[in-house]
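Scroll down for the structure; my scribbles are underneath it.
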């Protein structure tokens, strides 16, 4: 009931009022959520050891603000973000604009991290293009919340699908020339549907579905990231499509996707979701310290061993 009420109230707020609300809620969340705050500070201490305690606390508070803003922006968008008004809030920057122009009407696989208001990327794209992304979203633990957020995410024409049988549906969709989008830093349980990459020098388990689709369809993988600006607007920065060799295994493709973003995250770490357990699994022989919550996993060790003996696939 509270979320439904927020979904009705948030859209009527002016932009400045939304920013003030985000600052208030994130301040409360940071001080109330002791567990999340502890995880964020642990992550920052491990991934960015050069930062002093005051800097880590400042980054953790800023991370709460950006993630709060991301949720509020999602609720605010349906009544305020349209094809006509989006230019007031969003600007595009490109590494290769000419290459970007060729993508709009073709199959494509978009990848982005939990950074800034990442939810707006697919919404904004669908407001201006006939090609609507097919997006996989995990259901909420509270089943009453799933239809609320699905309705919001689909208002611009996107289609949200559950994880069940998603691979087959996405494969057919992209083969027919469709587009899809993925979170490249989404930590998942080690399995055949995952691989291990290095993130800030630390090993973590991530999905390989985007890499699988690229290998099976030949569709380009385009990294894009939402860069928050101080005035509450955003720059969507489109990187060049990944250069993927024919014999590149899914692990290498997944690592390429992350590597594109890491320099940005190191230069401006605050908008990333630091209160998330990005490094839950402890490697067999860790070469550097891991967060205190990390623990050994037989499944993770199995994937790790398989990657050590893996040969390039044609």
Checked against the structure, the computed Cα Rg over 2.2 N^0.38 Å among (i) 0.99; (ii) 0.95; (iii) 1.20 is the one labelled (i)
Considering only region 86-308, what is the antiparallel percent among its DSSP beta bridges, to the nearest 5? 40
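Using only the Cα atoms, work out Rg/Rh for region 198-286, with Rh taken as the Kirkwood radius, to two decimals.
Value, to two decimals: 1.00.
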Select from 67, 287, 229 the residue whose mean-square fluctuation is largest in a Gaussian network model of the chain (Cα-Cα springs shorter than 10 Å). 287
Taking the simple approach of a point 7 Å from Cα along Cα-to-Cβ for both residue 101 and residue 15, what is their distance in nm? 2.8
Give me the number: length gained by fully extending residue 262 to residue 305, i.e. 0.36 nm times residue separation minus the C-alpha to C-alpha distance, one decimal in nm. 13.0 nm
So between residue 31 and residue 87, what do we pick up on full extension, going 0.36 nm a residue minus the alpha carbon distance? 16.7 nm
Please identify which residues in region 190-206 have an amide N closer than 18 Å to a label point set 7 Å out from the Cα of residue 167, following the Cα→Cβ vector. 190-197, 205-206
With 0.36 nm assigned to each residue of separation and the Cα-Cα distance removed, residue 298 to residue 159 gains 46.5 nm
Zone of residue 58 (label point 7 Å along Cα→Cβ, backbone N under 11 Å): which residues in region 260-277? none
Helix-only [θ] at 222 nm, the chain, -39500 (n - 2.57) per DSSP H run of 4+, per residue, nearest 500, equals -14000 deg cm²/dmol
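Readers should treat all values here as calculations from the given coordinates under stated rules, not as data from a laboratory. All figures in this text were calculated on a predicted structure; none of them were measured in a lab. Counting neighbours? That spans all protein chains shown, and the Cβs are built from the backbone with ideal geometry, glycine included.
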